[in-house]
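Before any comments, here is the structure.
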Amino acid sequence: MEISLFGTLSGREVRRYTLCGEGIELSVLDYGAAVQSLVVDGVETVMNFDTPEDYRDRGGYVCLAVGRVANRIAGAEFSIGDKKYSLAKNEGENQLHGGFFGFSNRFYDAEEHDGTLRLSAILPDGEDGYPGNMRLNIDFSVSGRSVMIKYTATSDKDTVFAPTHHFYFNLNGAAGRAGTQPLAIYSDGYIPVDGELIPLGFVAPVAGGEYDFRAARTPKRGGGGIYDCCFVLRDAHAATLTGNKSGIKLDIYTDMPGLQLYTGAALSEKSEGETGNGAENETENGAPHRSGIALEPQYIPNAVNMPDFETPLLPAGETAEHYIKLSFSHDCK
């Protein structure tokens, strides 16, 4: 494992940890647990920034860890038993991706053990409104052609735990647009949402419609619309993304029940130029146009408030563990 100085943030050094496999080079920061680089067969496959300030300030949760609860919580509140918790509101009246601090806006302690990078932090009771002092570990490892991310948490109070990484992928690197990558999502149903992107509480079939990715296709909607929705997964194999220019193929696996597809900040129809992961054109929140497709394994959004969906409850004193596995191969053309 190689360790280097990435920069400084608020007077503290930010370290970059690099792990290698078969044609894979993964670099992770100890700020935000950011996946700062993921080079596969010489191609940069994720959207990235060059300074710690960019990860803190430019928005989009670019390849950062997200939690305690990924995605949106309606009304920024939920209950455990008879006790209601009011959360920090960072998107209108709702909470998005854990609030103002969460997993993304913090430093982690780092240690190496048998080739695995462990980032750990203590999230204090009441931060962003969540109950419990949470001990969080995020483990990164590279084996062969696969990257494994494992999230482990314990708490001294009943709480919730629904993590993810907010990846933006472009397997074409600088050779082609992210929006031209064929995408398959192994799901028969998606979660419809209201105008604030809060789930309506039921699963709709994908068959034959614009949400049908059971056979691989590019993520374009009629009229240039943007996808920002969660799919209910059949099993651990969540999705396959293929770089139509590079030939690199990514298979995503997880033990969580959903996969969020987001093509907004990074795939705006406003820009038609050929841009890669170092795109100069920007959206309103600072994310480069056409620089990546966001694919986020996670719990169903607002599941903490919807009894018909699996709730990410973490009882006091127990341990919860989830994973995301990224497996790469290369299609011969």
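Hey, can you tell me all the residues within the range 110-133 that are over 20 Å from the mean Cα position of the chain (by Cα) and hydrophobic (A, V, I, L, M, F, W, C)?
If the condition is that a residue be over 20 Å from the mean Cα position of the chain (by Cα) and hydrophobic (A, V, I, L, M, F, W, C), then 110, 122 are the ones that fit.
So if I check each of 316, 303, which one is farther than 24 Å from residue 221 by Cα, buried (at least 23 other Cβ atoms within 10 Å of the Cβ), modelled with pLDDT of 95 or more and touching a Gly at 6+ places or on another chain (Cβ under 9 Å)? Break it down into steps so the answer makes sense when it comes.
Values: 316 fails: buried (at least 23 other Cβ atoms within 10 Å of the Cβ).
The conditions single out 303.
Do we find that residue 82 is open to solvent by 30 Å² or more (accessible area, probe 1.4 Å), within 30 Å of residue 251 (Cα to Cα) and free of Cβ contacts under 8 Å to residues at least 12 places away in the same chain in this structure?
In short, no.
Out of the residues in the range 44-53 that are modelled with pLDDT of 95 or more and open to solvent by 10 Å² or more (accessible area, probe 1.4 Å), state the one that is nearest to residue 327 (Cα to Cα).
Checking each candidate, the answer is 44.
Report, by residue number, each residue of the range 7-60 that is in a helix (DSSP H, G or I) and among the charged types (D, E, K, R).
Of everything in the range 7-60, those that are in a helix (DSSP H, G or I) and among the charged types (D, E, K, R) turn out to be 53, 54, 56, 57.
Are there any pairs, at least 6 apart or on different chains, whose C-beta atoms fall under 6 Å, with the first in the range 97-116 and within 23 Å of residue 297 (Cα to Cα) and the second open to solvent by 10 Å² or more (accessible area, probe 1.4 Å) and among the basic types (Lys, Arg), and if so, which?
Sorted first by the residue in the range 97-116, then by its partner, the list stays empty.
The values are calculated or read from the model by the stated rules, or taken from the named source; none is laboratory data. Keep in mind that what you see is a predicted model, and the values were worked out from it rather than measured. All Cβ positions, glycine included, derive from the backbone under ideal geometry; neighbour counts span all protein chains shown. Remember, those area values only see protein heavy atoms, side chains included, never the ligands or the DNA or RNA. Shrake-Rupley method; radii C 1.70, N 1.55, O 1.52, S 1.80 Å.
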